[in-house]
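What follows draws every value from the coordinates through simple rules; no lab data is involved. Nothing here was measured: the structure is a model prediction, and the numbers come from that model. Glycine also receives a Cβ, built like all others from the backbone with ideal geometry; neighbour counts cover every protein chain displayed.
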Amino acid sequence: MTWFDRLIWVSFIMVGLCEHAAAQTVLLAGTDKVAEVDVVLLNETTATIEYAVPDVFPAQVMIEGKVSLASLNRTSEAPTKLTLAAGSFTRVRYLVTDGAKLAGPASIQLIDHPAALTRVTLGDLVAPVSTESATESATESATGSAKKVTSLFRDPNYVSEGGLVEYLAYRFKPYEPIYFLAGDVDPMAKFQFSFKYQVFDPKGSIADTVPPLGNFYLAYSQTSFWDLEGESTPFIDNSYRPELFFLWTDLDDRFTIDGKRVLPEWIKLDVQIGVGHESNGRSGEESRSINRAFVRPTVTFGDRDDIFVSVGPRFFTYVGDLSDNPDVGEFIGDWVDLKMVAGQAGGVQLAAIGRAGNDWDKGSLQLDLSFPVRKLSGNSLDVFFHTQYFTGYSESLLGLRENGSSLRFGISLVR
């Protein structure tokens, strides 16, 4: 089976490639039954493999942003041992089990194989069919310890890093792209990081009482320009962007008549409403400070898990005092900017961000081309190769009134 044949096959069953384990690739595929998945084992070597089928795969289940631990337990009809010929594959049926009560469309991810994931419909998750030790094994793999002390204040969703850092992880998510780029322009390097945090548990009592609070986020993003060739390699400018917003996803599912969906399945709709601050932390003539209230509807055409095009105009108005930069609208506009993304999930993507000044004679265009390098690195490196081209005004806040172009290359963790 050629590499191209495998790519077509994986796209057909809509699963992600996983890292190699014992010389075979592990895939996940949903079935037509509730709470069942197929674990697909693919022998990519040139020799026959004898494989002992695991009784349990520890997994994570994500429903509406909430992550829970679960187990994939091999069904009684599934084989316990397999012989995989070179280039062959086989499916083994597993049942999603856990003590939690979860239902609806869910994302299933193998903890030991983070890239192996799929979508599956869950009813209330059934009680574990494996032994107690198998359940403990799933917990141990996810948290690093099979035995945990319970207490009134202990949150089971914590993640510990080397005993020095601990955080409540499952509502931390990426927000804007995270990248590091460099070129022969001045300043040479540009990097950005960004995250958002879902303030209230969408399945918690507060969100049950006031449902919109389950969609409430705080976010922080920072874009920095770094002169790597200058004396003492100074940071030329920084953009600090805290935000508060509400985010509603999959609103297209709510447009129904007599219980039937109005929009076609290949159209998805999300809406974000919020306020944000942007400044460069400087004073005097170099100070740049902007406050905006905004709404961003995002329409996605196609399949979010395959080929798609997303269009997200951001409509905004300035809030508060603009006396230190009264001409900001002349360069970045007064009411709208636009972001578009086109490509394949897990493949090549092109993103474009466009802004127009008040008179449409100023503004800017930024193009970001990226593709994953996992296959090129022997399935070992999970980053994107990233190329960014910018032309126009206001690439940085300090350069609000400057017109120019730049081309940079680098890597991104989130695109």
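Of note:
- As a calculated quantity, the FRET efficiency between Leu350 and Arg401 at R0 = 35 Å, using C-beta atoms, amounts to about 0.75.
- Gain on full stretching of the segment that runs from Ala342 to Val299 - 0.36 nm per residue minus C-alpha separation: 14.3 nm
- Computed from phi, the 3J(HN,Hα) profile of segment 352-365 under the Karplus parametrisation 6.51, -1.76, 1.60 (θ = phi - 60°) reads 10, 10, x, 9, 10, x, 4, 9, 6, 9, 10, x, 7, 9 Hz, with x in place of Gly and Pro.
- Highest average packing first - 216-225, 344-353, Cβ atoms within 10 Å: 216-225, 344-353
- When both segment 331-366 and segment 266-282 are represented by their alpha-carbon centers, they are found 14 Å apart.
- Pairs exceeding a 24 Å alpha-carbon distance, out of Lys173/Lys362; Lys196/Lys260; Lys190/Lys339: Lys173/Lys362; Lys196/Lys260.
- Max mean-square fluctuation residue, GNM over the chain, Cα-Cα springs under 10 Å, options Ser71, Ser232, Ser289: Ser232
- Over the chain, DSSP H runs of length four or greater, each weighted -39,500 (n - 2.57), average out per residue to a 222 nm ellipticity of -2000 deg cm²/dmol.
- Charge tally for Ala351 (other residues, Cβ to Cβ under 9 Å; Lys, Arg +1; Asp, Glu -1): +1.
- Rh (Kirkwood; distinct C-alpha pairs) - segment 55-123, Å: 13.2 Å
- Among Pro211, Pro297, Pro187, residue whose mean-square fluctuation peaks in a GNM of the chain (springs only between Cα atoms under 10 Å): Pro211
- Inter-centroid distance (Cα atoms) of segment 69-103 relative to segment 381-415, Å: 44 Å
- Binned Cα-Cα distance frequencies in segment 171-414 - 10 Å width, integer %: 7, 26, 36, 23, 8, 1, 0
- Neighbourhood charge, 12 Å Cβ-Cβ cut-off, centred on Arg408 and excluding it, Lys, Arg +1 and Asp, Glu -1: -3
- Segment 330-363 residues near the modelled Leu381 label - backbone nitrogen below 20 Å, point 7 Å along Cα→Cβ: 346-349
- Global geometry of segment 228-302, whether rounded, prolate or oblate, following the gyration tensor of its Cα atoms and the 1.5 cut on a/c: prolate
- Mean Cβ neighbour count within 10 Å, used as a protection proxy, ranking 358-368, 315-325 highest first: 358-368, 315-325
- Around the Cα centre of the chain, unit charges on the Cβ atoms of Lys, Arg, Asp and Glu (plus for the first two, minus for the last two) sum to a dipole of about 940 debye.
- At 1.567 mPa s and 4 °C, Stokes diffusion of the chain via Kirkwood alpha-carbon radius, µm² per second: 53 µm²/s
- Charge tally in the Cβ shell below 12 Å around Leu218, where Lys, Arg are +1 and Asp, Glu are -1, Leu218 excluded: +3
- Full extension of the chain between Ala182 and Tyr318 gives 45.8 nm of extra length, using 0.36 nm per residue less the Cα-Cα distance.
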